[in-house]
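**Q** What follows is a structure written as structure tokens; I'll ask about it next.
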Amino acid sequence: TQLLEQSPQFLSIQEGENLTVYCNSSSVFSSLQWYRQEPGEGPVLLVTVVTGGEVKKLKRLTFQFGDARKDSSLHITAAQPGDTGLYLCAGDRQAGTALIFGKGTTLSVSS
Amino acid sequence: KAGVTQTPRYLIKTRGQQVTLSCSPISGHRSVSWYQQTPGQGLQFLFEYFSETQRNKGNFPGRFSGRQFSNSRSEMNVSTLELGDSALYLCASSLVFSSGELFFGEGSRLTVL
């Protein structure tokens, strides 16, 4: 059983479209992170959310942490080809435990 | 500031052999974590080391082992390689233990034939 479920698994869109990626769990997380991974590279941290209901913006990317701290979403406005990559959510359930990753959403943005 | 360095980047082994992968963390980072990434399972946690001690361990068989040196550099070893061990092995470092904010290397791509 995957602790963090991400959807959709794959997403292929045109430049300029908006999209939302979801990360869901039945467990409560003390914090949740979003990473992006490009081919041939390791994941790169985009954001950390720690408070239920928290919303963070990073240029065209908007991240939200659910009120109950069990889920999160990533919304991209006006996607660009440079947004192409594997988006991973990750979380730690309590202090001292390892960071757990979802399987990721592969995003392809074509011009 | 140099990032996380992993060596080798690519390697090919045959079943039954063993392999050692190396990771040099960002200067000042004392925690090193290892993950296995495959298309089917995604990133699976292997273990985390902090101050030369293994602090967390994932659900992998004993063939997978690791260690950390006094300069925070880390190695992981896989013995008696199986075909299913083919994967990208990622090392990540962080300032503190059990941090959600990890800095990853580019990975070591292992192919087992």
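**Q** Looking only at strands (runs of 3 or more DSSP E) that lie completely in the stretch B:1-74, which have at least 2 residues being of a type in the set (A, V, I, L, M, F, W, C)? Quick ask: steps written out before the conclusion?
**A** Numbers: elements: B:5-7, B:10-13, B:19-24, B:31-38, B:42-50, B:53-57, B:64-68.
Correct list: B:10-13, B:19-24, B:31-38, B:42-50.
**Q** Looking at A:Q33, A:Q37 in this structure, which one is surrounded by 18 or more Cβ atoms within 10 Å (Cβ to Cβ), modelled with pLDDT of 95 or more, within 11 Å of chain B (Cβ to nearest Cβ) and in contact with a Pro (Cβ under 9 Å, 6 or more places away or on another chain)? So that I can check it myself, show each step before the final result.
**A** On the way: A:Q33 fails: in contact with a Pro (Cβ under 9 Å, 6 or more places away or on another chain).
Just one listed residue meets the conditions, A:Q37.
**Q** While we're on this one: Name the residues in the stretch A:37-52 that are within 19 Å of B:F45 (Cβ to Cβ) and touching a residue at least 12 places away in the same chain (Cβ under 8 Å), would you? Show your work before the answer.
**A** Start the filter on the stretch A:37-52 by keeping residues that are within 19 Å of B:F45 (Cβ to Cβ), which leaves A:37, A:42-45, A:48.
A:Q37, A:P43, A:L45, A:T48 - these are the residues of the stretch A:37-52 that are within 19 Å of B:F45 (Cβ to Cβ) and touching a residue at least 12 places away in the same chain (Cβ under 8 Å).
**Q** Suppose we filter the stretch B:60-89 for residues that are aliphatic (A, V, I, L, M) and touching a Leu at 6+ places or on another chain (Cβ under 7 Å); how many remain? Explain how you work it out, then say what you get.
**A** In the first step, residues of the stretch B:60-89 are kept if they are aliphatic (A, V, I, L, M); the result is B:76, B:78, B:81, B:83, B:87-88.
Within this subset, residues satisfying the condition of being touching a Leu at 6+ places or on another chain (Cβ under 7 Å) are B:76, B:87.
So the count comes out to 2.
**Q** Considering the stretch A:90-111 alone, what residues qualify as being touching a residue at least 60 places away in the same chain (Cβ under 8 Å) and closer than 25 Å to B:S31 by Cα?
**A** Across the stretch A:90-111, the qualifying residues are A:A90, A:G91, A:D92, A:R93, A:Q94, A:A95, A:L99, A:I100, A:F101, A:G102, A:K103, A:G104.
**Q** In this structure, does B:G100 turn out to be part of a loop (DSSP other than H, G, I, E, B), away from chain A (no Cβ under 11 Å) and either of a type outside the set (A, V, I, L, M, F, W, C) or under 14 Å from the mean Cα position of the chain (by Cα) (or both)? If you could, list the steps in order and put the result at the bottom.
**A** On the way: part of a loop (DSSP other than H, G, I, E, B): yes; away from chain A (no Cβ under 11 Å): no; either of a type outside the set (A, V, I, L, M, F, W, C) or under 14 Å from the mean Cα position of the chain (by Cα) (or both): yes.
Criteria not met by B:G100.
**Q** Output the residues belonging to the stretch A:48-60 that are surrounded by fewer than 19 Cβ atoms within 10 Å (Cβ to Cβ) and in a strand (DSSP E or B). Steps first, answer last, please.
**A** Of all residues in the stretch A:48-60, those surrounded by fewer than 19 Cβ atoms within 10 Å (Cβ to Cβ) come to A:48, A:50-60.
Matches in the stretch A:48-60: A:T48, A:V55, A:K56, A:K57, A:L58.
**Q** Please go through the stretch A:11-52 and give me each residue that is closer than 30 Å to B:T5 by Cα and among the hydrophobic types (A, V, I, L, M, F, W, C), ordered by number.
**A** Of the residues in the stretch A:11-52, the ones closer than 30 Å to B:T5 by Cα are A:23, A:29-50.
Answer for the stretch A:11-52, where residues must be closer than 30 Å to B:T5 by Cα and among the hydrophobic types (A, V, I, L, M, F, W, C): A:C23, A:F29, A:L32, A:W34, A:V44, A:L45, A:L46, A:V47, A:V49, A:V50.
**Q** Just checking, does the stretch A:96-108 include any residue being away from chain B (no Cβ under 12 Å) and at pLDDT 95 or above? Walk me through it before giving the result.
**A** The initial filter retains those residues of the stretch A:96-108 that are away from chain B (no Cβ under 12 Å), namely A:107-108.
Add one more test, that the residue is at pLDDT 95 or above, and what stays is A:107-108.
Checking the stretch A:96-108: at least one residue is away from chain B (no Cβ under 12 Å) and at pLDDT 95 or above.
**Q** So, of the residues in the stretch B:38-83 that are among the aliphatic types (A, V, I, L, M) and away from every other protein chain (no Cβ under 14 Å), which turns out to be surrounded by the fewest Cβ atoms within 10 Å (Cβ to Cβ)? Before you say what the answer is, go through the steps one by one.
**A** Our first condition is that a residue be among the aliphatic types (A, V, I, L, M); within the stretch B:38-83, this holds for B:43, B:46, B:76, B:78, B:81, B:83.
Imposing the further condition that a residue be away from every other protein chain (no Cβ under 14 Å) reduces the set to B:76, B:78, B:81, B:83.
Numbers: B:M76: 22, B:V78: 25, B:L81: 19, B:L83: 10.
Selected residue: B:L83.
**Q** Consider B:L90 carefully, then state whether it is more than 14 Å from chain A (Cβ to nearest Cβ), at pLDDT 95 or above and either crowded, with 21+ Cβ neighbours inside 10 Å or more than 26 Å from A:Q33 (Cα to Cα) (or both). It would help to see each step written out before you state the result.
**A** On the way: more than 14 Å from chain A (Cβ to nearest Cβ): no; at pLDDT 95 or above: yes; either crowded, with 21+ Cβ neighbours inside 10 Å or more than 26 Å from A:Q33 (Cα to Cα) (or both): yes.
No: the conditions fail for B:L90.
**Q** Now, a different point. Quick test for you: out of B:S65, B:S72, B:S98, pick the one residue that is on the phi > 0 side of the Ramachandran plot and at pLDDT 95 or above.
**A** It is B:S72.
**Q** Could you give every pair whose Cβ atoms fall below 6 Å, whose first residue belongs to the stretch A:69-89 and is farther than 14 Å from A:K57 by Cα and in a strand (DSSP E or B), and whose second residue is basic (K, R) and at pLDDT 95 or above, counting only separations of at least 6 or pairs across chains?
**A** A:G85/A:R36; A:Y87/A:R36
**Q** Okay, moving on. What number of residues in the stretch B:103-113 are of a type outside the set (D, E, K, R) and under 13 Å from the mean Cα position of the chain (by Cα)? Steps first, please.
**A** Here is the first cut: in the stretch B:103-113, the ones of a type outside the set (D, E, K, R) are B:103-105, B:107-108, B:110-113.
Filter once more, so that each one left must be under 13 Å from the mean Cα position of the chain (by Cα): B:103-105, B:107-108, B:110.
Within the stretch B:103-113, residues that are of a type outside the set (D, E, K, R) and under 13 Å from the mean Cα position of the chain (by Cα) number 6.
The values are calculated or read from the model by the stated rules, or taken from the named source; none is laboratory data. Keep in mind that what you see is a predicted model, and the values were worked out from it rather than measured. So basically every Cβ, Gly included, is an ideal-geometry build from the backbone, and we count neighbours across all protein chains shown.
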